[in-house]
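Colleague: Have a look at this one.
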Amino acid sequence: MSNILAHTQADCREHTGDDSQVAMIITPREKDLGGFSVRRVLPFAKRRMVGPWIFFDEMGPAPFAAGEGINVRPHPHIGLATVTYLFEGEITHRDSLGSHLGIRPGAINLMVAGRGIVHSERKPARSDAYQMHGLQLWHALPKEWEMTDPAFHHYSAESIPETVIDGVAVRVMMGDAYGLTSPVKTFCETLYAEARLPAGASLALPQVPELACYVVEGAVSFGESQINAQQMAIFEDQATGQLHATSDCRLVFIGGESLGERHIEWNFVASDPALIAQAKADWLAGRFPTVPGDEDEFIPLPQ
């Protein structure tokens with residue numbers, strides 16, 4: 001999402017789950033950005049990626065007065081696709097392709113950086129107080145796609161498939177799970193799904209090559225492992241079984257096909273460090289495109 005978020009490196013605490021199918025449980029350290037909290041889960045020193053997903057932040061929840069909000073100046077990306085998913089609030093997105101719209105709860109906005117894109121995220125034009133809460137995710141692109149032309153895809157909340165399984169509400173934002181197929185564009189086997197479990201309910205794990213579960217609210221158990229709010233459980237490959245809600249909870253699954261090693265520096269992701277070095281040089285030299293309607297500011301390359 002933002003350079004501010006990308007700059008905030010949380011020191012994560014990790015422990016190995018008791019259940020043999022839980023590889024680790026990661027607890028991110030919360031960082032206060034001045035009235036706005038961020039929890040960084042991925043990349044983590046002992047597990048940098050889950051499937052193609054290389055970056056995972058929870059933003060908020062944070063209250064904002066009328067006329068206030070996040071204010072992220074234009075900054076570049078390469079080699080990845082970003083997903084900003086809001087539970088509450090609104091963010092105004094602009095990018096160098098000319099995209100300009102409000103990101104709102106339940107919708108999926110997939111920004112494909114490819115060989116290079118620049119975007120900003122600003123406070124919304126609204127006259128009321130509101131609360132901001134959501135997730136920011138980046139997934140690396142397969143080698144054959146990492147230098148593709150940049151693109152922006154918007155999918156309304158109404159277009160995202162959902163169902164109820166034994167009292168559990170499920171939405172599949174990307175990929176296939178629980179008999180649902182998302183319309184959101186993917187570049188390899190990719191899963192991003194959300195579930196809301198009432199206390200006492202159970203839900204089977206979706207089946208993808210690599211899988212993690214992040215609990216946003218409440219808590220669940222899996223075998224002998226307890227996964228609490230603001231924790232991510234990373235499962236062993238091909239894990240099977242049921243999650244059991246020990247309280248009302250909201251959780252998300254991420255996973256999919258492993259892409260092999262990826263390098264990440266600042267807002268750049270690539271299979272080859274030379275691509276990152278070139279992107280840094282291009283940003284310093286002003287060779288990236290500007291953002292129409294937001295040309296006056298930019299975030300400098302960190303030194």
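The values are calculated or read from the model by the stated rules, or taken from the named source; none is laboratory data. Here the structure is a predicted model, which means the values were calculated and not measured. Cβ atoms come from the backbone with ideal geometry, glycine included; neighbour counts cover every protein chain shown.
Colleague: Does PHE253 satisfy the criteria of being among the aromatic types (Phe, Trp, Tyr), crowded, with 21+ Cβ neighbours inside 10 Å, in contact (Cβ under 8 Å) with a residue 60 or more places away in the chain and more than 19 Å from LEU135 (Cβ to Cβ)? Spell out the reasoning first.
Modeller: Numbers: among the aromatic types (Phe, Trp, Tyr): yes; crowded, with 21+ Cβ neighbours inside 10 Å: yes; in contact (Cβ under 8 Å) with a residue 60 or more places away in the chain: yes; more than 19 Å from LEU135 (Cβ to Cβ): no.
Spelling it out, it is not the case that PHE253 is among the aromatic types (Phe, Trp, Tyr), crowded, with 21+ Cβ neighbours inside 10 Å, in contact (Cβ under 8 Å) with a residue 60 or more places away in the chain and more than 19 Å from LEU135 (Cβ to Cβ).
Colleague: Only one of GLN226, GLN303 is without any contact (Cβ under 8 Å) to a residue 24 or more places away in the chain and part of a strand (DSSP E or B). Can you tell me which?
Modeller: Details: GLN303 fails: part of a strand (DSSP E or B).
Just one listed residue meets the conditions, GLN226.
Colleague: Still on this structure, I have one more. Looking at ARG262, ARG287 in this structure, which one is surrounded by fewer than 16 Cβ atoms within 10 Å (Cβ to Cβ) and either touching a residue at least 40 places away in the same chain (Cβ under 8 Å) or not hydrophobic (A, V, I, L, M, F, W, C) (or both)?
Modeller: Numbers: ARG262 fails: surrounded by fewer than 16 Cβ atoms within 10 Å (Cβ to Cβ).
Unique residue meeting the criteria: ARG287.
Colleague: Which numbered condition trips up LEU211, out of (1) part of a loop (DSSP other than H, G, I, E, B); (2) within 16 Å of the chain's Cα centre (by Cα)?
Modeller: Of everything listed in (1) part of a loop (DSSP other than H, G, I, E, B); (2) within 16 Å of the chain's Cα centre (by Cα), LEU211 misses just condition (1).
Colleague: Continuing with the same structure: Considering each residue of the range 66-78, count those that are farther than 29 Å from VAL215 by Cβ and among the small types (Gly, Ala, Ser), and give that number.
Modeller: Qualifying residue count, the range 66-78: 2.
Colleague: Within the range 191-210, does at least one residue satisfy the condition of being under 28 Å from SER37 (Cβ atoms), surrounded by 23 or more Cβ atoms within 10 Å (Cβ to Cβ) and modelled with pLDDT under 95?
Modeller: No, there is no match, as no residue in the range 191-210 is under 28 Å from SER37 (Cβ atoms), surrounded by 23 or more Cβ atoms within 10 Å (Cβ to Cβ) and modelled with pLDDT under 95.
Colleague: Please note which strands (runs of 3 or more DSSP E) are completely contained in the range 5-97 and include at least 2 residues that are closer than 25 Å to ARG250 by Cα and either among the aliphatic types (A, V, I, L, M) or at pLDDT below 85 (or both). Explain how you work it out, then say what you get.
Modeller: Working: elements: 13-15, 22-27, 30-32, 37-42, 53-64, 72-77, 80-88, 91-95.
It comes to 13-15, 22-27, 30-32, 37-42, 53-64, 80-88.
Colleague: Here's another thing I want to ask about it. Using the structure shown, decide if ILE276 is under 20 Å from TRP145 (Cα atoms) and of a type in the set (A, V, I, L, M, F, W, C).
Modeller: Working: under 20 Å from TRP145 (Cα atoms): yes; of a type in the set (A, V, I, L, M, F, W, C): yes.
Yes; evaluated as a whole, the condition is true for this residue.
Colleague: Further question on the same structure: Is it true that SER221 is outside any loop (DSSP other than H, G, I, E, B), over 30 Å from LYS143 (Cβ atoms) and small (Gly, Ala, Ser)?
Modeller: Values: outside any loop (DSSP other than H, G, I, E, B): yes; over 30 Å from LYS143 (Cβ atoms): yes; small (Gly, Ala, Ser): yes.
It is true that SER221 is outside any loop (DSSP other than H, G, I, E, B), over 30 Å from LYS143 (Cβ atoms) and small (Gly, Ala, Ser).
Colleague: Could you please tell me which pairs satisfy a Cβ distance under 8 Å, a separation of 6+ or placement on different chains, a first residue in the range 167-188 that is at positive phi, and a second residue that is surrounded by fewer than 18 Cβ atoms within 10 Å (Cβ to Cβ) and not in a loop (DSSP other than H, G, I, E, B)?
Modeller: GLY175/THR181; TYR178/THR163; TYR178/ILE165; GLY179/THR163
Colleague: Every residue in the range 270-284 that is in a helix (DSSP H, G or I), out of contact with any strand residue (DSSP E or B) (no Cβ under 6 Å at 6 or more places or on another chain) and without any contact (Cβ under 8 Å) to a residue 40 or more places away in the chain, please. It would help to see each step written out before you state the result.
Modeller: Filtering the range 270-284 down to residues in a helix (DSSP H, G or I) leaves 273-284.
This time we only want the ones that are out of contact with any strand residue (DSSP E or B) (no Cβ under 6 Å at 6 or more places or on another chain), so: 274-275, 277-278, 280-282, 284.
Residues satisfying the conditions are ALA274, ALA277, GLN278, LYS280, ALA281, LEU284.
Colleague: Evaluate the range 172-187: report whether one residue or more is modelled with pLDDT of 95 or more, closer than 25 Å to PRO28 by Cα and not in a strand (DSSP E or B).
Modeller: First pass over the range 172-187, keeping only residues modelled with pLDDT of 95 or more: 172-187.
Those left that are additionally closer than 25 Å to PRO28 by Cα: 172-174.
The next check asks that each one be not in a strand (DSSP E or B); those that pass are none.
No, the conditions are met nowhere in the range 172-187.
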